[in-house]
Amino acid sequence: MTTEPIKLEDAVEFAENPEPRCPCVLLLDTSGSMQGEPIAALSAGLKAFKEDLIKDPLASRRVELAVVIFDSDVKVVQDFVTVDQFEPPELAAQGQTFMGSAIHKALDMIQARKAKYRANGVAYYRPWVFMITDGEPQGEPDSVVQQASQRLKSDEANKRVAFFAVGVESANMSKLAELVVRAPVKLIGLNFVEMFVWLSRSMEKVAQSKTDEQVALPPPGWGTV
Amino acid sequence: MQSEAWRVVAASVRGTSHIKSDLPCQDALRWQTARGGWLLAALADGAGSASLAEVGAGIAADRGIEALKAQVECKSQAAADEEWRVGLVAALASARAAVLDAARERKVEARELASTLTLLAVAPGIAVAAQIGDGAALASAPPEALACLTRPMVAEYLNETTFLISESALESAQTVVRRAAWRHASLLCDGLQLLALRLPEGTPHARFFEPLFGFVDRAANPTAASRELSAFLQSQRITERTDDDLSLLLAAYGNWPGSGSARSE
């Protein structure tokens, strides 16, 4: 053959589609009972999360993290950012456990983020909410909690979100199981670092296609179902 | 005198995320030529969450191409479009039944064998294609530009699609019959969609495909060219953009010196 060979790596150009996104909200209980060792361990876990996730070049471009803390108030301490811009917050513990309002807030944020993706032609993966608590809803009217739980269940049924709950130490696991769809996991000790490394690895696998999503967390090694 | 034939360059490689999680390549890509100037091809992409995805994908692609062959052997190319569509759905149904049978034999849930399936049969005057799930089948008849025959099924989430084992799979299947002087054809899996198609419209990105078809037109040795394609799909330029399994089939119809009829391994 007289024609020049084509070197594919140089010749082929890629379509310029926006990077697909995977939104993830961390919903963290910072009520008074978390004071001391638990809150310090949780803060350390967040740092480990960032360190692990940033090692994966695709995940660090695709995963968008937001952090919401709840005690006697619900606060967005980090709005959605990619991992490189994520600054793990130092957490302090105080007050009660406004879990119902916190769930509402997370679902609101997910809804708004998806609308933004759609408006900008960005493809996305199913959003995740990862809630960590050492207690049960406290200090809110029960109706707020029930409403939040119903909304969460309807969002799960309509595949709007995958909502995972993790209980720490004295968490009321049976109450948690009533509120969410997927079986909550009980953290072994204060093994947050291992849990967040697991979460990071799970987010790296997010692009793998899925069949049925109504499943509990896989046996994670850092907790018990 | 040489007669015209299909030259096929194809590769299927394991994605970097599959390597990391110790999963096999869950794509199954098959092709063969058949009398009448036909090229037959099947691509099944196993679901990452399915424990036997590569088994399911293999069965879907094998049975799919077999059933497709039976269709082109019993039909005239001039048969009505509707007749072809019925044949395509029958081929998908046959692949689906084979996967469901395999699930029963192995006593596992059908979803453990979940995969997508794209079927393409193309001859110089006609192209027929069918698809369940994502991925795409494309063809061009110069001077017309390359166009999608089937395109990724748009679901809300990028990684969630319809699978062959889904209840509504056959009703939601895309079936396409187009008549033209086809010279180039391609099949690709969802892992390449973001690189090869402009989304969300799902139109082919010309500067992705043109060099690739140029490469096939010059590939005197399709086996060596397939190895080169495989290396390209594993190159850093690609893996920094996608970590999924990648499959790509490129075919060109022409009068190739020294070409015989070929068949995939």
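Readers should treat all values here as calculations from the given coordinates under stated rules, not as data from a laboratory. Quick caveat: nothing in here was measured; it's all calculated off a predicted structure. Neighbour counts are summed over all protein chains in view; Cβ atoms, including those assigned to glycine, are modelled from backbone coordinates with ideal geometry.
From a point 7 Å beyond the Cα of B:R218 in the direction of its Cβ, which residues of segment A:8-27 have a backbone N at a distance under 13 Å?
A:8-12, by backbone N distance to the label point.
If the only charges are +1 at each Lys and Arg Cβ and -1 at each Asp and Glu Cβ, what is the size of the charge dipole of the protein assembly as shown around the Cα centre, to the nearest 20 debye?
Computed charge dipole of the protein assembly as shown: roughly 1140 debye.
For peptide B:194-200, what's the mean number of Cβ atoms from other chains within 10 Å of each residue's Cβ?
Per-residue shielding by partner chains comes out at 5.
Hey, rough spin-label estimate for A:V77 and B:E4, points 7 angstrom out along Cα→Cβ, what's it come to in nanometres?
6.8
Please list, in order along segment A:132-138, the HN-Hα scalar couplings obtained from phi with the Karplus expression 6.51 cos²θ - 1.76 cosθ + 1.60 (θ = phi - 60°), rounded to whole Hz, x for Gly and Pro.
Values per residue, Gly and Pro as x: 10, 8, 10, x, 7, x, 8 Hz.
Report, in listed order, any pair from A:K55/B:K107; A:K105/A:K186; A:K75/A:K186; A:K47/A:K105; A:K114/B:K107; A:K159/B:K107 with a Cα-Cα distance greater than 31 Å.
Over 31 Å Cα-Cα: A:K55/B:K107; A:K114/B:K107.
Among rounded, prolate and oblate, which fits segment A:36-119 when a ≥ b ≥ c are the square roots of the eigenvalues of its C-alpha gyration tensor, a/c under 1.5 means rounded, and a/b larger than b/c means prolate?
The shape class here is oblate.
Can you tell me which of B:A251, B:A224, B:A60 moves the most in a GNM of chain B? Springs connect C-alpha atoms under 10 Å apart.
Looking only at B:A251, B:A224, B:A60, the largest GNM fluctuation is found for B:A224.
Using θ = phi - 60° and the Karplus curve 6.51 cos²θ - 1.76 cosθ + 1.60, what whole-Hz ³J(HN,Hα) does each residue of segment A:163-171 get, with Gly and Pro shown as x?
10, 10, 10, 10, x, 10, 6, 8, 3
Quick one: which residues, 5+ away or cross-chain, put their amide H under 5 Å from the amide H of A:K186? H built at 1.01 Å from N.
When sequence neighbours closer than 5 places are left aside, the close amide H contacts are A:G167, A:T224, A:V225.
Sort A:T133, B:T239, B:T118, B:T16 so the one with the fewest other Cβ atoms within 10 Å of its own Cβ comes first.
B:T239, B:T16, A:T133, B:T118
Report, to the nearest 10°, how far helix A:99-119 tilts away from the longest principal axis of the Cα atoms in chain A, using its own Cα long axis and a range of 0 to 90°.
Taking the Cα atoms of chain A, the angle to A:99-119 is about 20 degrees.
Ordered by packing density, taken as the mean number of other Cβ atoms within 10 Å over each peptide's residues, highest first, how do A:16-23, B:208-215 rank?
My ranking of the peptides, most packed first, is B:208-215, A:16-23.
Please average, across the residues of B:215-221, the number of beta carbons from any other chain that are within 10 Å of each residue's own beta carbon, and give a whole number.
Per residue, the number of nearby Cβ atoms from other chains is 3 on average.
Spelling out what I want: for every residue of segment B:66-71, take phi, set θ = phi - 60°, compute 6.51 cos²θ - 1.76 cosθ + 1.60 (Karplus), and round to whole Hz; glycine and proline get x.
Here the 3J(HN,Hα) series is 4, 5, 5, 4, 4, 5 Hz.
Run the quick spin-label model on B:R227 and B:V108: label points 7 Å from Cα toward the beta carbon, then report their separation in nm to one decimal.
3.3
Per Stokes-Einstein, at 10 °C and 1.306 mPa s, what whole-number D in µm² s⁻¹ belongs to segment A:77-148, with the Kirkwood radius over Cα pairs as the hydrodynamic radius?
It comes out at roughly 109 µm²/s.
Going by amide H atoms built from the backbone, whose H comes under 5 Å of the H on A:M131, apart from near neighbours?
The list, which skips near neighbours in sequence, is A:L27, A:F164, A:A165, A:V166.
Averaged across B:231-243, how many Cβ atoms of other chains sit within 10 Å of each residue's Cβ atom?
Partner-chain Cβ atoms within 10 Å, mean over residues of B:231-243: 3.
Kindly provide the GluC sites (Glu not before Pro) of segment B:129-177 that DSSP labels as loop, not H, G, I, E or B, and whose Cβ sees at most 15 other Cβ atoms within 10 Å.
Qualifying residues, ordered by number: B:E144, B:E156, B:E167.
Testing the spin-label approximation: label points 7 Å from Cα along Cα→Cβ at B:I19 and A:K7. State their distance in nm.
Each label point lies 7 Å from its Cα, and together they span 2.1 nm.
Extension gain B:D81-B:A93, at 0.36 nm per residue separation less the Cα-Cα distance, in nm?
2.5 nm
Taking amide H positions as placed in the peptide plane 1.01 Å from N, state which residues far from A:E13 in sequence (5 or more) or on other chains have amide H under 5 Å from it.
When sequence neighbours closer than 5 places are left aside, the close amide H contacts are B:F208.
Could you tell me which of B:A127, B:A47, B:A70 has its Cα farthest along the dipole of segment B:17-144 towards the positive end, charges placed at Cβ (Lys, Arg +1; Asp, Glu -1), taken about the Cα centre?
B:A70
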